[in-house]
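All remarks here apply to the structure that follows.
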Amino acid sequence: AQSVAQPEDQVNVAEGNPLTVKCTYSVSGNPYLFWYVQYPNRGLQFLLKYITGDNLVKGSYGFEAEFNKSQTSFHLKKPSALVSDSALYFCAVRLSLTYGNNRLAFGKGNQVVVIP
Amino acid sequence: DAGVTQSPTHLIKTRGQQVTLRCSPKSGHDTVSWYQQALGQGPQFIFQYYEEEERQRGNFPDRFSGHQFPNYSSELNVNALLLGDSALYLCASSLVDGPYEQYFGPGTRLTVT
């Protein structure tokens, strides 16, 4: 079954240090991959996506992600974490490339805690 | 440019009752998806509507039904509520022709007692 996995429950990082949130995927064919962030009692905010092209994609708020086909990974990164980056991060994959079907499957989420 | 809006924000219902949640998509979007997010979990896909038809459905019982209107807005109906239906219900909109990222509303927090 097509899915994504986020192996860590929580990521703790000191403010100013690099932040990495891990995601691995299992899909047949070319994956459409996404990262979202969720703040408490809020909906999900789109950060970035990989559809095709460059393996390093840049997104909102200084985040970027690296697509690695050989390792089936799509890790989210930020060079210098801010306290305001503390939130819940979700990796997602589009399950069907059929026209009109845009269903996403989400990982369990990673809580990121940036320590001042 | 208005984003995705949902109503109501919070809702408390009793077991066995029925509930209707509403969603207006981001301006220009034609596809609406609904997700259920239980506490501490990732969102789970319920179903997706495009051209007023249900296009895909996740692993949810028939108690969950929906509708999309000509103006692309959508409703989610849940009948015979169970305690386990307590969750954050998220609506997301997108364009069928791409780009394929979905934009989410703030959600409706449903509590079933």
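Tell me, please, whether a residue that is among the charged types (D, E, K, R) and either closer than 16 Å to B:GLN102 by Cα or touching a residue at least 60 places away in the same chain (Cβ under 8 Å) (or both) can be found in region A:59-71.
No, because not a single residue in region A:59-71 is among the charged types (D, E, K, R) and either closer than 16 Å to B:GLN102 by Cα or touching a residue at least 60 places away in the same chain (Cβ under 8 Å) (or both).
Return the residues of region A:16-41 that are open to solvent by less than 60 Å² (accessible area, probe 1.4 Å), closer than 15 Å to A:LEU76 by Cα and not aromatic (Phe, Trp, Tyr); say none if nothing qualifies.
Those that are open to solvent by less than 60 Å² (accessible area, probe 1.4 Å), closer than 15 Å to A:LEU76 by Cα and not aromatic (Phe, Trp, Tyr): A:LEU19, A:THR20, A:VAL21, A:CYS23, A:THR24, A:LEU33, A:VAL37, A:GLN38.
Residue by residue through region A:42-78, note down the ones that are hydrophobic (A, V, I, L, M, F, W, C) and surrounded by 15 or more Cβ atoms within 10 Å (Cβ to Cβ).
Of everything in region A:42-78, those that are hydrophobic (A, V, I, L, M, F, W, C) and surrounded by 15 or more Cβ atoms within 10 Å (Cβ to Cβ) turn out to be A:LEU44, A:PHE46, A:LEU47, A:LEU48, A:ILE51, A:VAL57, A:PHE63, A:ALA65, A:PHE67, A:PHE74, A:LEU76.
Counting only residues that are more than 14 Å from chain B (Cβ to nearest Cβ) and open to solvent by 20 Å² or more (accessible area, probe 1.4 Å), how many does region A:80-116 have?
8
Go through region B:4-109 and tell me which strands (runs of 3 or more DSSP E), entirely inside it, have 2 or more residues that are small (Gly, Ala, Ser).
Here the list reads B:64-68, B:87-94.
Residue under question is B:TYR49, and the condition is that it be of a type outside the set (Gly, Ala, Ser), open to solvent by 10 Å² or more (accessible area, probe 1.4 Å) and without any contact (Cβ under 8 Å) to a residue 60 or more places away in the chain; does it hold?
Judged against the criteria, B:TYR49 is a match.
Among the residues of region B:79-91, is there at least one that is at the interface with chain A (Cβ under 8 Å from one of its Cβ atoms) and under 12 Å from the mean Cα position of the chain (by Cα)?
yes
The values are calculated or read from the model by the stated rules, or taken from the named source; none is laboratory data. This one's a predicted model, so the numbers in the text were calculated from it and none came from an experiment. When we count neighbours, we look across all protein chains shown, and the Cβ atoms used for this are built from the backbone with ideal geometry, even at glycine. Accessible surface is based on the protein model in full, side chains and every heavy atom, while ligands, DNA and RNA are left aside. Shrake-Rupley method; radii C 1.70, N 1.55, O 1.52, S 1.80 Å.
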